[in-house]
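> Quick one: this structure, given as structure tokens, is what I'll be asking you about.
The values are calculated or read from the model by the stated rules, or taken from the named source; none is laboratory data. Quick caveat, the model's predicted, so the values are computed rather than measured. No Cβ is skipped: glycine too gets one built from the backbone with ideal geometry, and neighbour counts run over all protein chains shown.
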Amino acid sequence: MTPSPGDEELPGGERLQKVLARAGIGSRRTCEDLIADGRVRVDGAVVRLGARIDVSRQVVEVDGVPITVDPDLVHYLLNKPAGVVTTASDTHGRPTVIELVPASPRVHPVGRLDLETEGLLLLTNDGALTHRLTHPSFGVEKEYLAEVAGLPSRGALRRLREGVELDDGMTAPAVVSLVSPSVVKLVIHEGRNRQVRRMCEAVGHPVVRLVRTRIGPLRDQHLPPGAWRPLEQDELRALEQAVTSVPNAESIGGAPTATTAAETGAETDPDGTPSDS
Ligand code: URA
């Protein structure tokens, strides 16, 4: 029988069950069972027990969900403080989010928060995941708490919910609720520039303070401003799952190489950082 691509025994490769176990999929025994049950694919092909892979080059999926298996890939969750820019370097000498996380390996922010916006920001050197997270077709949910001027009426909240006409078009329906008289919770899945600020402004309630409280499945109410932590393995799994269950996911997939967001072709702003997403 001709071996399929994923069956190749790469002399320098690692045993797949070991790689999967290190990635947090389960014990080696569990991972062996997954492979034996045909639930694991490498570069699109179901593999047999005994397969070895090159973690830096090959794409591994379990039950159709791509898994980050390269130990050189890092994923940090940062609580961005106000006054810090979401770029690698700033021509005005302002502090950047890159300065808040380890310098090596080099990471990039996934999406962007405005200078004065606070809250959760993901930074990684995982180009494939960045591509998916910033690709509009995946529409990963982002949750914001916006303290606004004035007291939004039910009508204003309805407009935010149903869609607001901005200069770049109508916004998609959003999940919107009032958490206190002047604090609005918005869950959006678009990534337009300054979108929440512009939406609130459009309904007559400019934002006074904006905090991102969730990115897809990622939350953390205990991370102090300016602090970061690596994603837990189950958080990474959940994030990968969030950017997998979409019809055209396969057409935009790619090997989990360490690339920049700009290289992945994600939407970028003129300064090279991806638009907020
Ligand atoms: N919407 C905004 O207006 N600003 C951000 O930083 C993120 C979303």
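> Looking at (1) in contact (Cβ under 8 Å) with a residue 60 or more places away in the chain; (2) surrounded by fewer than 18 Cβ atoms within 10 Å (Cβ to Cβ), find the lone condition where GLY119 falls short.
(2)
Yes or no, residue by residue, for (1) over 28 Å from GLU116 (Cβ atoms); (2) at pLDDT 95 or above; (3) of a type in the set (A, V, I, L, M); (4) in a helix (DSSP H, G or I):
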site	(1), (2), (3), (4)
ARG198	no, yes, no, yes
HIS205	no, yes, no, no
SER245	yes, no, no, no
ASN248	yes, no, no, yes
GLY254	yes, no, no, no
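> Given the criteria over 24 Å from ALA242 (Cβ atoms) and small (Gly, Ala, Ser), does GLY191 qualify?
Details: over 24 Å from ALA242 (Cβ atoms): no; small (Gly, Ala, Ser): yes.
No; evaluated as a whole, the condition is false for this residue.
> Next question. Could you list, in sequence order, the residues of segment 68-90 that are buried (at least 21 other Cβ atoms within 10 Å of the Cβ) and either of a type in the set (Val, Ile, Thr) or at pLDDT below 90 (or both)?
Listed by number, the residues that qualify are THR68, VAL69, ASP70, VAL84, VAL85, THR86.
> Right, another one. List the residue pairs whose Cβ atoms are under 6 Å apart, where the first residue sits in segment 62-88 and is under 17 Å from GLU116 (Cα atoms) and among the hydrophobic types (A, V, I, L, M, F, W, C), the second is modelled with pLDDT of 85 or more and part of a loop (DSSP other than H, G, I, E, B), and the two are 6 or more positions apart or on different chains.
ALA82/GLU116; VAL84/PRO95; VAL85/ARG94; VAL85/LEU115
> In addition: Please verify whether GLY93 is at pLDDT 95 or above and among the small types (Gly, Ala, Ser), treating the condition exactly as stated. Outline the logic, then answer.
Working: at pLDDT 95 or above: no; among the small types (Gly, Ala, Ser): yes.
No: the conditions fail for GLY93.
> Report yes if some residue within segment 128-135 is closer than 30 Å to VAL148 by Cα, in contact (Cβ under 8 Å) with a residue 40 or more places away in the chain and within 13 Å of the ligand (Cβ to nearest atom); otherwise report no. Don't jump to the end; show me each part of the working.
In the first step, residues of segment 128-135 are kept if they are closer than 30 Å to VAL148 by Cα; the result is 133-135.
After this cut, where a residue has to be in contact (Cβ under 8 Å) with a residue 40 or more places away in the chain as well, the list is 133-135.
Cutting the leftovers down to within 13 Å of the ligand (Cβ to nearest atom) gives us none.
Scanning segment 128-135, I find no residue that is closer than 30 Å to VAL148 by Cα, in contact (Cβ under 8 Å) with a residue 40 or more places away in the chain and within 13 Å of the ligand (Cβ to nearest atom), so the answer is no.
> Could you check ARG161 against (1) surrounded by 23 or more Cβ atoms within 10 Å (Cβ to Cβ); (2) without any contact (Cβ under 8 Å) to a residue 40 or more places away in the chain and say which number it fails?
Exception for ARG161: condition (1).
> Follow-up. Filter segment 169-198 down to residues that are without any contact (Cβ under 8 Å) to a residue 24 or more places away in the chain, surrounded by 14 or more Cβ atoms within 10 Å (Cβ to Cβ) and more than 16 Å from the ligand (Cβ to nearest atom), then give me how many there are.
Total meeting the criteria: 0.
> State whether the residues of segment 145-158 include one that is within 27 Å of HIS222 (Cβ to Cβ) and either of a type in the set (Phe, Trp, Tyr) or surrounded by 21 or more Cβ atoms within 10 Å (Cβ to Cβ) (or both).
So in segment 145-158, the residues within 27 Å of HIS222 (Cβ to Cβ) come out as 145-148.
Next cut, either of a type in the set (Phe, Trp, Tyr) or surrounded by 21 or more Cβ atoms within 10 Å (Cβ to Cβ) (or both) only: 146, 148.
Checking segment 145-158: at least one residue is within 27 Å of HIS222 (Cβ to Cβ) and either of a type in the set (Phe, Trp, Tyr) or surrounded by 21 or more Cβ atoms within 10 Å (Cβ to Cβ) (or both).
> Output the number of the condition that GLU141 fails; it satisfies all remaining conditions of (1) within 15 Å of the ligand (Cβ to nearest atom); (2) buried (at least 19 other Cβ atoms within 10 Å of the Cβ).
(2)
> Shifting gears a bit: Looking at (1) of a type outside the set (Phe, Trp, Tyr); (2) within 17 Å of VAL175 (Cβ to Cβ); (3) modelled with pLDDT under 95, find the lone condition where GLY111 falls short.
For GLY111, the exception is condition (2).
> Please enumerate the residues belonging to segment 127-148 that are assigned to a loop (DSSP other than H, G, I, E, B) and out of contact with any strand residue (DSSP E or B) (no Cβ under 6 Å at 6 or more places or on another chain). Steps first, answer last, please.
Quick first cut of segment 127-148, residues assigned to a loop (DSSP other than H, G, I, E, B) only: 135-141.
HIS135, PRO136, SER137, PHE138, GLY139, VAL140 - these are the residues of segment 127-148 that are assigned to a loop (DSSP other than H, G, I, E, B) and out of contact with any strand residue (DSSP E or B) (no Cβ under 6 Å at 6 or more places or on another chain).
> Got a number for residues in segment 211-242 being in a helix (DSSP H, G or I) and either modelled with pLDDT of 95 or more or touching a Leu at 6+ places or on another chain (Cβ under 9 Å) (or both)? Please lay out each step first, then the result.
First, pick out the residues of segment 211-242 that are in a helix (DSSP H, G or I): 233-242.
Those left that are additionally either modelled with pLDDT of 95 or more or touching a Leu at 6+ places or on another chain (Cβ under 9 Å) (or both): 235-236, 238-240, 242.
Here the count works out to 6.
> Could you list, in sequence order, all residues of segment 101-113 that are among the hydrophobic types (A, V, I, L, M, F, W, C), more than 12 Å from THR124 (Cβ to Cβ) and within 16 Å of the ligand (Cβ to nearest atom)? Before you say what the answer is, go through the steps one by one.
Quick first cut of segment 101-113, residues among the hydrophobic types (A, V, I, L, M, F, W, C) only: 101, 103, 107, 110, 113.
With more than 12 Å from THR124 (Cβ to Cβ) added as a condition, the list becomes 103, 113.
Hit for segment 101-113 is LEU113, nothing else.
> Quick one: LEU166 ticks every box in (1) touching a strand residue (DSSP E or B) at 6+ places or on another chain (Cβ under 7 Å); (2) within 13 Å of the ligand (Cβ to nearest atom) except a single one, so which number is it?
(1)
> Looking only at strands (runs of 3 or more DSSP E) that lie completely in segment 2-119, which have at least 1 residues being within 30 Å of GLN195 (Cβ to Cβ) and of a type in the set (Lys, Arg)? Steps first, answer last, please.
On the way: elements: 40-42, 60-62, 65-67, 75-80, 108-110.
Counting at least 1 such residues, we get 75-80.
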